[in-house]
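Data block below; observations after.
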Amino acid sequence: LRTFPQFNVVGLLPGTDPALKAEAVVYSAHWDHLGLQDGKIYCGAIDNGSAVGALLAVAQASVGNPARRSQVFLLTCGEEPGLLGAEAYVKNPLWPLAKTVANLNFESLNWVGPSRDIEFLGGERSTLLALAREVGNPMGLRPMEHQQDPAGLYFRSDHFPFAAAGIPAL
């Protein structure tokens, strides 16, 4: 067993709307993975390098076209051993939770090939799935319908601490 400090990395892009910029959407992805376990290397290219890359691409694109609400780009640590970075952020947020309107967590993105289906794990637990349909349908994107979650993935990803704090999250 070894221990070492890990840190969340956070970026902020202020919103453009004078009234809405006091609210924020948090985009998150975890940068850690399992590493070396039982002599096998788990480097985390899919879980969660794919999502970190996507989040950075969204942040980069947003700089040239900021949203009306402020955007918080959160790269968490310690997801694999128990959502530690997300829990730490929710306990000590850099943006007030009362002014955080949603958490959009990126996790293990599609690596198989082109797809129009998008899974929003836990989306049915808030208004975010309906919003995803409204935005995605005109672009030909299809948010997937609710599916059973026998592995309990909804409770094992970084959106969960936000949802537990009452913030719509998927």
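The values are calculated or read from the model by the stated rules, or taken from the named source; none is laboratory data. Keep in mind that what you see is a predicted model, and the values were worked out from it rather than measured. As a convention, Cβ positions derive from the backbone with ideal geometry for all residues, glycine included, and neighbour counts pool all protein chains shown. We work out accessible area using only protein heavy atoms, side chains counted, and drop any ligands, DNA or RNA first. Shrake-Rupley method; radii C 1.70, N 1.55, O 1.52, S 1.80 Å.
For segment 21-113, what does the alpha-carbon gyration tensor say about shape, rounded, prolate or oblate, given a ≥ b ≥ c as the root eigenvalues, a/c under 1.5 as rounded, and a/b over b/c as prolate? Cα axes put segment 21-113 in the oblate bin.
Using Cα-Cα distances under 8 Å and only pairs 6 or more residues apart, what relative contact order does segment 1-148 have, in percent?
Values: 224 pairs, mean separation 44.1, N = 148.
The normalised contact order for segment 1-148 reaches 30 percent.
Under 18 Å of direct C-alpha separation, and excluding same-chain neighbours fewer than eight residues apart, K40 reaches these aspartates and glutamates: D32, E80. Counting only Cβ charges, +1 for Lys and Arg and -1 for Asp and Glu, the dipole size of the chain around its Cα centre is about 420 debye. Count Lys and Arg as plus one, Asp and Glu as minus one, and take only other residues whose Cβ is under 10 Å from that of A22; the net charge is then +1. Highest mean packing first, where packing is the average number of other Cβ atoms within 10 Å per residue, the peptides 100-108, 65-73, 114-122 line up as 100-108, 65-73, 114-122. In terms of its C-alpha gyration tensor, segment 127-170 comes out oblate, because a/c is 1.5 or above while a/b does not outweigh b/c.
Farthest toward the dipole's positive end in segment 1-160, which of F155, A98, L20, given Cβ charges of +1 (Lys, Arg) and -1 (Asp, Glu) about the Cα centre? Towards the positive end, the residue furthest out is L20. Considering every Cα-Cα pair within the chain, what fraction, in whole percent, is farther apart than 19 Å? Distances greater than 19 Å cover 59 percent of the Cα pairs.
For the chain, what does the accessible surface come to per residue with a 1.4 Å probe? Please give it in Å².
Working: 10210 Å² over 170 residues.
Normalised by residue count, the accessible surface of the chain is 60 Å².
Placing pseudo-labels 7 Å out from each Cα toward the beta carbon at L94 and K40 gives an inter-label distance of 3.5 nm. Computed over the chain, the per-residue total of -39500 (n - 2.57) for DSSP H runs of n ≥ 4 gives a 222 nm mean residue ellipticity of -6000 deg cm²/dmol, rounded to 500. Atom-type composition of the exposed protein surface of segment 21-154 places 58 percent of the accessible area on carbon and sulfur (1.4 angstrom probe).
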